[in-house]
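The values are calculated or read from the model by the stated rules, or taken from the named source; none is laboratory data. Just so it is clear, the structure is predicted and the values come from calculations on it, not from any experiment. No Cβ is skipped: glycine too gets one built from the backbone with ideal geometry, and neighbour counts run over all protein chains shown. Remember, those area values only see protein heavy atoms, side chains included, never the ligands or the DNA or RNA. Shrake-Rupley method; radii C 1.70, N 1.55, O 1.52, S 1.80 Å.
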Amino acid sequence: MDIEDASKACCSSQPAPTATVDHYHRHIFISLGSREWDGNAPSSFPHPVVSQLTTLIKSQKKLFKLKVSVNGSDLPNKTENPENEIQILSFPENVIYGPINLENVSDFVDQLKTSEDASAPLAFPHQAPSFEKVVVVCAHNAKDERCGKCGPLLIEATQSILASENVQNVAVLASTHVGGHKYAGNVILFPGGDWYGYVTVERLPQILQTISIPRPVISTSPIVADLWRGRIGLTKPEQQALFAALQEQASQ
């Protein structure tokens, strides 16, 4: 599939997908180190710690004080024993937790469950990532063909744009299903946590430009309005209110 065909597959003539992100507080990405996922990944990924982690989170979901979204990613697993250990990239605190193994995975989930401040790192071994910002692209082909077609092309184009502009400290990750495959291509920018849908290669430069703008006040953070799906930490009514306020501000 060439760029033009893929862009047509990802594009939609429907209205802006505003407020289509369910309210949640923390987003974790498991270091699966590959894109070879079946339709149920990450829970079905053949790794003992990933299996135990996702089982524990699912079984205790109603006990969590904050809502946590869990995805697998192609983030490299840089633990000393990758067959028995994993790492997790987490936002909004922007840290990498690990190594997580079968001996301490319950402790990690317990801390995740009792956390009351998503911006504060858990009292669990962690480190700052080598990058400051992340572009996450849903590329879960086994879950939905649209993401499978759009995702890899958007990842390649993003990497090319960042390289041509000599942008440093930005990682580009492929993710398992983030939700809303009908809005493919789906892109999330961290640490700000803005979600975009119907993204095409042609619109990528406009979206990527927003990650270089400082975000001291969340209510004034820039968005690409007609592609914006929502933001981590905001309820759907809050997403709608922010969208309306920024639209009004832009028209003045």
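What to note about this one:
- Leu242 vs. criteria in contact with a helix residue (DSSP H, G or I) (Cβ under 7 Å, 6 or more places away or on another chain) and either closer than 18 Å to Ala157 by Cβ or at pLDDT 95 or above (or both): no
- Any chance Gly192 is open to solvent by less than 60 Å² (accessible area, probe 1.4 Å), part of a loop (DSSP other than H, G, I, E, B) and under 18 Å from Trp37 (Cβ atoms): no
- Leu162 meets the conditions (1) among the aliphatic types (A, V, I, L, M); (2) within 16 Å of the chain's Cα centre (by Cα); (3) over 16 Å from Pro42 (Cβ atoms) in every case but one. The failed one is (2).
- Tally, over the range 136-151, of residues that are touching a strand residue (DSSP E or B) at 6+ places or on another chain (Cβ under 9 Å) and in contact (Cβ under 8 Å) with a residue 40 or more places away in the chain: 7
Per-residue answers, yes or no, for (1) farther than 22 Å from Thr200 by Cβ; (2) open to solvent by 60 Å² or more (accessible area, probe 1.4 Å); (3) assigned to a loop (DSSP other than H, G, I, E, B):
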| residue | (1), (2), (3) |
| --- | --- |
| Ser119 | yes, yes, yes |
| Phe124 | yes, no, yes |
| Asn141 | no, yes, yes |
| Leu153 | no, no, no |
| Ile161 | no, no, no |
| Ala174 | no, no, no |
